[in-house]
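The values are calculated or read from the model by the stated rules, or taken from the named source; none is laboratory data. This is a predicted model, so every value here is computed, not measured. Cβ coordinates were reconstructed from backbone atoms using ideal geometry, including for glycine residues, and neighbour counts include every protein chain displayed. With ligands, DNA and RNA removed, areas are computed over all heavy atoms of the protein, side chains included. Shrake-Rupley method; radii C 1.70, N 1.55, O 1.52, S 1.80 Å.
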Amino acid sequence: MSETQPDSELEAPYEPELGAALPTDAIAYEAGAPTREELRRRADRDIVRLAWPAVVSQLLATTVSSVDVFMLARLGTEAVAAAGYTSQYYQLAQGALFGLSAACVALMARAIGAGNPARARHAFAASLSLAFVGAVLIASAGLLFPRAAMSLLGAAPQVVELAVPYFRLTMSSSVLFALALTMESGFRATRNTALPLSIATGVTLVKLGLNGLLIFGVLGLPRLGLAGAGIATLASQAAGLLLFLTMTRRRGRPESAALRISRSDFTGARELLADTARVSWPAAGERLLINFALFIYYRVLSSYGTAAIAAYTIGVRILAFSWIAPTGISIAASTLVGQALGARDVRVAARAGWRAARLSLMAALPLFVLFILLRDWFARFFTQDPAVIAPLEPFMVWLGVAQPFLSLHFTLSGALRGAGDTKTPLWSAIFGNWIFRVPLALLVANVLHLPVVWVWGTVVFDHVTRAVWLTWSFRRERWARSVGAGV
């Protein structure tokens, strides 16, 4: 056999879904180990098994958000706009806290893959500590400066006054959300995505039930309007945290060794605080930069009037349904990549990432068609206001075009975070939002003075840039040397 032509029976060629061929692969093929197709099917089964509960959980969360808007739309356009302004800050808070959940999954999954439950508990305790401190700081800022926060985004005075109680209640819930999210991440790191689904179901029932009772004043309760939706959010987050606390204390579950932390684990967590912060700050920074970009984007939209803000608020709620599949698949990819690297198997980690990306793209294609063909139906389902429907329909078209790119970068970001590489998704967000989306939106609105439909179009440039950047980065496999590789 020549040096330049490999033996095709022993040496497999490079494939993006599988990663670079290794000497052990040649031995495996010769020894009659599983074929490439069997390995692909096995990876797909693992991804689907972990992803489907996360997908349903995301569906419940998105349904709650959409029902919020659906109910608040009955109170008028200003109530929808007030909820939209508040959601920008709540998403900012969630973004900062999301970074800590990414670190929790990466470090815990790596430790579990290496067979070290004590280190997994320490990582869990470190993540909970940082999440609590961060959430208290965020909630305090929200409670102290609600009017200034609303005015910063260009909200009309009547919208600001309407939003203040809702804003304070929603931002206060971020402390409960932070702890519940971190606990959910701990369960995901142990490959348990079914339990978070059960808890999400309970939270959904509490939120929707209280929404109906408090917004409209059913069963003799006072009609609280927008403030009622805020109380429902706070109460549902409290219920979710209580359920997670209860389940982490249960004995006899396979993941209990990694989740049932004690005071000594918080002492042991000190040695992992630096690693947790190092993994989490780029993930938090990514979300913060995205949300700051959205602040400017929101400010641009404010120049088009309250109807444009209402259309955007409804549109992104509809868009959130398209995030469901890629978010669930990215959760699965994050866990599988982290545990594979903990077991020091880069090839299995790469296979999990590429197969997850493939499944995510398959789920995106039907949405591409639905968003374009059913744009009028979606718009009229949420509102009958012609001033809101007019800008909402073209927004739906642009969202349909963005679907494949959005799904790809969501999934690969999750795979990279599972490896502990949170800097690459951060750079993709910087380029997508700050090189394309924000400058183009400002150009379209303030220089060219074009209709709002062209502001919608800048969304596509953001998602395309991030998809290309992350595909190239994942293929390079530098993520295999990220924080925690030595666990």
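With the requirement that a residue be of a type outside the set (A, V, I, L, M, F, W, C) and over 21 Å from the mean Cα position of the chain (by Cα), what does the range 112-128 give you? Don't jump to the end; show me each part of the working.
Within the range 112-128, the first condition is being of a type outside the set (A, V, I, L, M, F, W, C), and the residues that meet it are 113, 115-117, 119, 121-122, 127.
Scanning the range 112-128 gives Gly113, Gly115, Asn116, Pro117, Arg119, Arg121, His122.
Looking at Leu288, is it in a helix (DSSP H, G or I), touching a Leu at 6+ places or on another chain (Cβ under 9 Å) and either open to solvent by 60 Å² or more (accessible area, probe 1.4 Å) or on the phi < 0 side of the Ramachandran plot (or both)? Working first, answer last.
Details: in a helix (DSSP H, G or I): yes; touching a Leu at 6+ places or on another chain (Cβ under 9 Å): yes; either open to solvent by 60 Å² or more (accessible area, probe 1.4 Å) or on the phi < 0 side of the Ramachandran plot (or both): yes.
Yes.
Residues that are small (Gly, Ala, Ser) and closer than 18 Å to Gly418 by Cα: does the range 145-156 have at least one? Spell out how you get there, then give the answer.
So the first thing to find is which residues in the range 145-156 are small (Gly, Ala, Ser), and the list is 148-149, 151, 154-156.
Filter once more, keeping what is closer than 18 Å to Gly418 by Cα: none.
The answer is no; no qualifying residue exists.
Got a number for residues in the range 409-423 being surrounded by 24 or more Cβ atoms within 10 Å (Cβ to Cβ) and more than 13 Å from the chain's Cα centre (by Cα)? Walk me through how you get there before you give the answer.
Pass one, the range 409-423, residues surrounded by 24 or more Cβ atoms within 10 Å (Cβ to Cβ): 409-422.
With the extra rule that they be more than 13 Å from the chain's Cα centre (by Cα), the set shrinks to 416, 418-422.
Summing the residues that are surrounded by 24 or more Cβ atoms within 10 Å (Cβ to Cβ) and more than 13 Å from the chain's Cα centre (by Cα) in the range 409-423 gives 6.
Give me the residue from the range 162-191 that is modelled with pLDDT under 85 and in contact with an Asp or Glu (Cβ under 8 Å, 6 or more places away or on another chain) and, out of that set, surrounded by the fewest Cβ atoms within 10 Å (Cβ to Cβ).
Filtering first and then ranking leaves Arg191.
If you take just the helices (runs of 4 or more DSSP H) that sit entirely in the range 404-487, which of them hold at least 2 residues that are more than 19 Å from Leu289 (Cα to Cα)?
Values: elements: 423-429, 438-442, 452-476.
It comes to 452-476.
Taking the options Phe321, Phe266, Phe244, name whichever one is of a type outside the set (Gly, Ala, Ser), in a helix (DSSP H, G or I) and within 19 Å of the chain's Cα centre (by Cα). I'd like the intermediate steps shown before the answer.
Values: Phe266 fails: within 19 Å of the chain's Cα centre (by Cα); Phe244 fails: within 19 Å of the chain's Cα centre (by Cα).
Of the residues listed, the single one that is of a type outside the set (Gly, Ala, Ser), in a helix (DSSP H, G or I) and within 19 Å of the chain's Cα centre (by Cα) is Phe321.
Can you name every residue in the range 371-405 that is among the aromatic types (Phe, Trp, Tyr) and open to solvent by 20 Å² or more (accessible area, probe 1.4 Å)? I'd like the intermediate steps shown before the answer.
Start the filter on the range 371-405 by keeping residues that are among the aromatic types (Phe, Trp, Tyr), which leaves 371, 377-378, 381-382, 395, 398, 405.
Selection gives Trp377, Phe378, Phe381, Trp398, Phe405.
What's the number of the only condition in (1) touching a Lys or Arg at 6+ places or on another chain (Cβ under 9 Å); (2) open to solvent by 20 Å² or more (accessible area, probe 1.4 Å); (3) modelled with pLDDT of 85 or more that Leu242 fails to meet?
Among (1) touching a Lys or Arg at 6+ places or on another chain (Cβ under 9 Å); (2) open to solvent by 20 Å² or more (accessible area, probe 1.4 Å); (3) modelled with pLDDT of 85 or more, Leu242 violates only (1).
Does Ala307 meet the test of being at pLDDT below 85, over 21 Å from the mean Cα position of the chain (by Cα), buried (at least 24 other Cβ atoms within 10 Å of the Cβ) and assigned to a helix (DSSP H, G or I)?
In short, no.
Every residue, every condition in (1) surrounded by fewer than 20 Cβ atoms within 10 Å (Cβ to Cβ); (2) modelled with pLDDT of 85 or more; (3) more than 15 Å from Gly420 (Cα to Cα), yes or no:
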residue: Ala311; (1), (2), (3): no, no, yes
residue: Arg347; (1), (2), (3): yes, yes, yes
residue: Arg351; (1), (2), (3): no, yes, yes
residue: Ala364; (1), (2), (3): no, no, yes
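Within the range 300-347, track down each residue that is among the charged types (D, E, K, R) and at positive phi. Break it down into steps so the answer makes sense when it comes.
Here is the first cut: in the range 300-347, the ones among the charged types (D, E, K, R) are 317, 344-345, 347.
Arg344 - this is the single residue of the range 300-347 that is among the charged types (D, E, K, R) and at positive phi.
So for the range 205-228 (the condition being within 24 Å of Gly99 (Cα to Cα) and at pLDDT 85 or above), does at least one residue qualify?
The first filter runs over the range 205-228 and keeps only residues within 24 Å of Gly99 (Cα to Cα), leaving none.
Checked the range 205-228: no residue is within 24 Å of Gly99 (Cα to Cα) and at pLDDT 85 or above.
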